[in-house]
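Here is the structure we will look at, set down as structure tokens.
The values are calculated or read from the model by the stated rules, or taken from the named source; none is laboratory data. Note that the structure is a prediction, hence the values are computed from the model and not measured. As a convention, Cβ positions derive from the backbone with ideal geometry for all residues, glycine included, and neighbour counts pool all protein chains shown. Please note that ligands, DNA and RNA were not included when accessible areas were found on the heavy atoms of the full protein model with its side chains. Shrake-Rupley method; radii C 1.70, N 1.55, O 1.52, S 1.80 Å.
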Amino acid sequence: MVEDNEIKAQVSPFSIREGEIKTFDGKDGYVSMNQIVHKINIGHITDIHFAILDLVNEFEFITSRQIYQMLEIKGIDPKSQDKLNNKLDALVKSKILTRYYFTSDEGKGIYRIYCLEKMGKYLLTSKEIECKWQPSDNTKTVPMIKKRLAGNQVLIAYLRKVKAFDSYVVKPAITAKTLGKVFKATGGSVKLTKNTKSIQFLFEVFRREIDWQKKLVEKMNLYKDFYENFVPGDSGFSGIPQLIFVCEDEKNMAECFKEIVTNKLEIPQIKLLFTTDLRQNKETLSDTLVEFKLVDGKYKMENVGLKLLDM
């Protein structure tokens, strides 16, 4: 597998492309549970297939590269990307998983996205593993899926590259008390611990989707409510978590910051930190964060060095 720092992409694969649609690449037709049980009994579906199923259940939407990286983190050797793809094919053919790719005017996307299928839910339930999947989940829009994939990339980067990494949550639920709403951080959260001291990062992913400015304002109002009324223990956070915005590219960070300032949505309780998809490919994450500082009446983008994010 190509290492992150060897990827030469200039544009994030999870950025929004004009006219992009999600294209089904799974299996049509009927597969019975008896057929799947037979495949398990003869060893065609094994422990590694179940490990893949667990990951897809946890992340909801995930690429084969991300599955490969997560298997390695869990101490499971996928042997090669090709061998993993063969296993994924077997799961798709058995309707345990299904698969999509993105198509736009620029052509077909370079990666496939995996998510659960009906038989996958049955298998997880039979093993008493919680599975909230329902068929309507697979109808989620391109921007919603891309936010999840960008969030996955961030979580995996912290898992692999930050020595102080402690734990992660894929979909942390947060309560905006005054507005009376529970919402989710689209990029997940991580807990970092060093010398018994811990800090938690919340990741919110922004994409240039239709009406993105309006959606940013709505989400920021929820975060403002959460932070302004925060007391230790709220939404499972022992201390006030650091919010980090994950943007499509360097320009998108400035666009998002401008919307926040224009709409007076700054959060006095925390610094507003930003990063991008491609910054997660760096060898170390210690210089992947950015803040905007007011210098001589103008905002300037500055890198934030954090030793806590060293390897």
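Rolling a 1.4 angstrom probe over the chain with all protein chains present gives an accessible area of which 51% lies on carbon and sulfur atoms. Give the lysines reachable from K127 as a straight Cα distance under 18 Å; neighbours fewer than 8 places away on the same chain don't count. Here the lysines satisfying the reach criterion relative to K127 are K39, K95, K118. A straight Cα-to-Cα reach below 18 Å connects K307 with the aspartates and glutamates D166, E283, D287, E291, residues fewer than 8 places away in its own chain not being considered. Reducing region 217-246 and region 118-194 to their Cα centroids gives an inter-centroid distance of 17 Å. The GluC sites (Glu not before Pro) found in region 3-55 that occupy coil by DSSP, while having at most 13 further C-beta atoms within 10 Å, are E3, E18.
Once the Cα-Cα distance is subtracted from the 0.36 nm per residue extended length, the Y101 to K258 segment shows a gain of 53.3 nm.
Relative to the longest principal axis of the Cα atoms of the chain, the long axis of helix 142-161 makes an angle of roughly 80 degrees. Put a plus charge on the Cβ of each Lys and Arg, a minus charge on the Cβ of each Asp and Glu, and nothing anywhere else: the dipole of the chain about its Cα centre is then about 400 debye.
Hey, got the dipole for region 147-266? About the Cα centre, +1 on K and R Cβ, -1 on D and E Cβ, debye to the nearest 20? Show your work: numbers first, answer last.
Numbers: 21 positive and 14 negative charges, 78 e Å.
Here region 147-266 has a charge dipole of around 380 debye.
If you place +1 on the Cβ of every Lys and Arg, -1 on the Cβ of every Asp and Glu, and leave all else neutral, what size is the dipole of region 80-203 about its Cα centre, to the nearest 20 Debye? Working shown, then result.
On the way: 25 positive and 9 negative charges, 65 e Å.
Using only the charged Cβ atoms, the result is roughly 320 debye.
Taking a ≥ b ≥ c as the square roots of the eigenvalues of the alpha-carbon gyration tensor, region 213-311 is classed oblate because a/c is 1.5 or more while a/b is no larger than b/c.
Compared with the dominant principal axis of the Cα atoms in the chain, helix 212-228 is inclined by about 70°. Look at the dipole of region 42-152 built from charges on Cβ: of L97, L71, G151, the Cα furthest out on the positive end belongs to L97. Measuring with a 1.4 angstrom probe and ignoring ligands and nucleic acids, D77 comes out at about 90 Å² accessible. Contact order, relative form, for region 164-245: 30 percent (alpha carbon pairs under 8 Å, 6 or more residues apart, mean separation divided by residue count). Rounded to the nearest 10 degrees, the angle from helix 64-73 to the longest Cα principal axis of the chain is 80 degrees. Restriction of the chymotrypsin sites (Phe, Trp or Tyr not before Pro) in region 46-145 to DSSP coil positions whose beta-carbon has at most 16 other beta-carbons within 10 angstrom yields Y111.
With an 8 Å cut-off on Cα pairs and a minimum separation of 6 or more residues, tell me the relative contact order of region 115-257 in percent.
So the answer I get is 20 percent.
Among Q280, Q134, G19, whose Cα lies farthest out toward the positive end of the dipole of the chain, if unit charges sit on the beta carbon of Lys, Arg (+1) and Asp, Glu (-1)? Positive-most Cα among the choices belongs to Q134. Note on K181 and V295: the extension gain reaches 37.4 nm, defined as 0.36 nm multiplied by sequence separation minus the Cα-Cα distance.
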